[in-house]
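Heads up: the structure comes next, in structure tokens.
The values are calculated or read from the model by the stated rules, or taken from the named source; none is laboratory data. For clarity, every value in this text was computed on a predicted model and none was experimentally measured. In this analysis, Cβ positions are derived from the backbone assuming ideal geometry, glycine residues included, and neighbour counts consider all displayed protein chains. Areas reflect the complete protein model, heavy atoms only, side chains present, ligands, DNA and RNA absent. Shrake-Rupley method; radii C 1.70, N 1.55, O 1.52, S 1.80 Å.
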Amino acid sequence: ILATSCLFGATTWIIFLSFSAPEERRRLLRVAGDIIIAGTIMAILAAPFLFYIFKGSAEVPSSIHPPEALSADLLNYLVPTEVTRLGSNFFPEIARRFPLNLSEQGAYLGLPLILILVIQFLDMKRRPYLKPLLISLLVPLLLSLGPSLHVAGVRMDFWLPWRLGLHLPLIRQAIPARFPMYVALAAALATALWLAAANPGRDRARRFSLAALACVFLVPNPARVAHWTPLAQVRFFQPQNVVSTLGRDANVILLPYGQTGPGLIWQVASGMAFTQSGGYVGFTPQAELSWRVFYDLADGLGGSSVENDISALCATHRVSAILIGPGTPAPLAAAVEALHWPEAQDHEVRIVRVPDLRNLHFYYVSGDYWPTEPANNWMGHQIKIVTHGQSVRLGITGRGRPPELGPEEFRVVYGSQDSRYSIGAQDTQVLTLPADASVLLMANATYIPDRFIHNGDDRHLSAIINLQPEAGAQ
């Protein structure tokens, strides 16, 4: 949002500068100086965050979202969707063809507002300042259509200017379907100027009546917009309660977990008295993709290996407690209870204390590893397997590997031991890893699959591995 605001703000500044008289240009140049100073101060204050943005930029894919599929449909500016109360049933077949989901089909302006804009801009000869405003409205409108034109859901082989934006740093990640908010801003300014120029009497009444009608055309449909629910006010998360129970600077796992959970708001309510391992902050960091437990927590199911996975997560992420708040899915709450860790109740929250590390038995994997299910976990060039308090059976299979690539050599390094195994598409090698070990597993070559078969991406793969604790081994 900051980047696109700067883009369209700078574009609007250039447009108005081009149409301004000398005195107005001097004022615009002074404004530009103020903005540059403000931007410099902002960059200094945000330096810690900007540092990590640039540090992690190499991990950002060239395109997070496909711009062709995330562009506004031209008819969406005229045709309402189901989220608009008035007119949503007029052209339902056309609206259903628009790309994206309802939450991204936000280009609709409504016929009364479009009529106001037409009337206003027809008066440009008497009001020259409307010409740069019109151009400032048309630029984001044109760019919102994306790199190719879409009309009624049909993509046309028609080149559009946003294709150039796909080569710009940072901005290329923007979703064109969200640019209509800048169109709406320019439309609001044009409407405000039109109302301000109304003559007293009938002219004023007509203009404000049409503006009121434009508002009616934009009233949302309560049956289709998001359902709001009240936030549970939990007394435990008052700062004094959190500190007295958890101590200062505790790191916790907070349930309900993830995007739909209130964990971040509860953390703010506590005065940031604790940190979280997880929580919803956007995309899962690349380094954390090897932890299947994050997906289990978000789904509220617990998972088949929840005891091992939660134990490993708490030990490696220095988690001191798991907080089970109101609204935690019953299967997940039951899975945490089944750990039989020390537990206490404080107000509406159950505090499950993480035992001493020496009493936990677990294993975990890091590196080029993408878990999908217990028997189907993909690895790439190199992974590290760590066992703690128990031995583990490791299975390596070439199943899923294209037969034409031939066998692949795997190297297993544990301490001074260095073993090598040749595994083809039909081969499986089973090894036993001892307790309290750190083992490197390396493949001499990888391949990119012809289709997306793991986590929806195209990372380099080598084999499928399976890890299971040795029966009765601790």
Any idea what angle helix 306-316 forms with the longest principal axis of the chain, computed on alpha-carbon atoms, 0 to 90 degrees, nearest 10?
80
Given the C-alpha centroids of the stretch 207-273 and the stretch 317-354, what is the distance between them in whole angstrom?
21
Per residue, how much accessible surface does the stretch 250-352 expose to a 1.4 Å probe? Answer in Å², no decimals.
44
Of all the accessible heavy-atom surface of the stretch 96-146, with the other protein chains kept in place and a 1.4 Å probe, what percent is carbon and sulfur?
68
Would you mind pulling out the separation of the Cα centroids of the stretch 75-154 and the stretch 58-73, in Å?
22
Phi angles of the stretch 381-396, converted by Karplus (6.51 cos²θ - 1.76 cosθ + 1.60, θ = phi - 60°) into ³J(HN,Hα) in whole Hz with x for Gly and Pro, give 6, 8, 9, 10, 10, 10, 10, 9, x, 7, 8, 9, 8, 10, x, 10
Under a 5 Å amide H to amide H cut-off, with H placed in plane at 1.01 Å, what residues pair with Thr84 once short-range neighbours are removed?
Asn221
Of every hundred units of 1.4 Å-probe accessible area on the stretch 6-91, the number belonging to carbon and sulfur atoms, as a percent, is 73
So for the chain, averaging the separation of alpha carbon pairs under 8 Å that are six or more residues apart and normalising by length, what relative contact order in percent results?
10
Relative contact order of the stretch 335-436, defined on C-alpha pairs under 8 angstrom at six or more residues apart (%):
23
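Keeping all protein chains in place, calculate the accessible area per residue for the stretch 1-107 (probe 1.4 angstrom), answer in Å².
On the way: 7100 Å² over 107 residues.
Heavy-atom accessible area per residue stands at 66 Å².
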When the Karplus curve 6.51 cos²θ - 1.76 cosθ + 1.60 is applied with θ = phi - 60°, which whole-Hz ³J(HN,Hα) does each residue of the stretch 398-406 get, with x for Gly and Pro?
x, 4, x, 7, x, x, 5, 7, x
The stretch 410-427 - phi-based ³J(HN,Hα) in whole Hz, Karplus 6.51/-1.76/1.60, Gly and Pro as x:
10, 10, 10, 10, 9, x, 8, 7, 9, 10, 10, 9, 9, 10, x, 5, 9, 9
In Å², what does the accessible area per residue of the stretch 112-208 work out to with a 1.4 Å probe?
55
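Restricting to Cα pairs below 8 Å that are 6+ residues apart, what does the relative contact order work out to for the stretch 215-291? Please round to a whole percent.
Values: 59 pairs, mean separation 22.0, N = 77.
Contact order relative to length: 29 percent.
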Correct choice for mean projected area of the Cα convex hull in nm² that was computed from the model, options [x] 23.2; [y] 52.5; [z] 30.7
[z]
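Sum -39500 (n - 2.57) across every DSSP H segment of at least 4 residues in the chain, then divide by the residue count to get the 222 nm mean residue ellipticity, nearest 500. Walk me through the numbers before you get to the answer.
Details: 14 runs with 160 residues, N = 474.
After summing the helix terms and dividing by residue count, I get -10500 deg cm²/dmol.
Quantify, in whole percent, the carbon and sulfur part of the accessible surface of the stretch 184-329 (1.4 Å probe; protein heavy atoms only). Kindly include the intermediate steps, with their values, before the conclusion.
Numbers: 4740 of 7850 Å².
Here carbon and sulfur together make up 60 percent of the probe-accessible area.
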Under a crude label model (7 Å from the Cα following the beta-carbon direction), how far is Ala287 from Leu122 in nanometres?
6.3
Packing-ranked peptide list from 182-191, 55-64, highest mean Cβ count within 10 angstrom first, is 182-191, 55-64
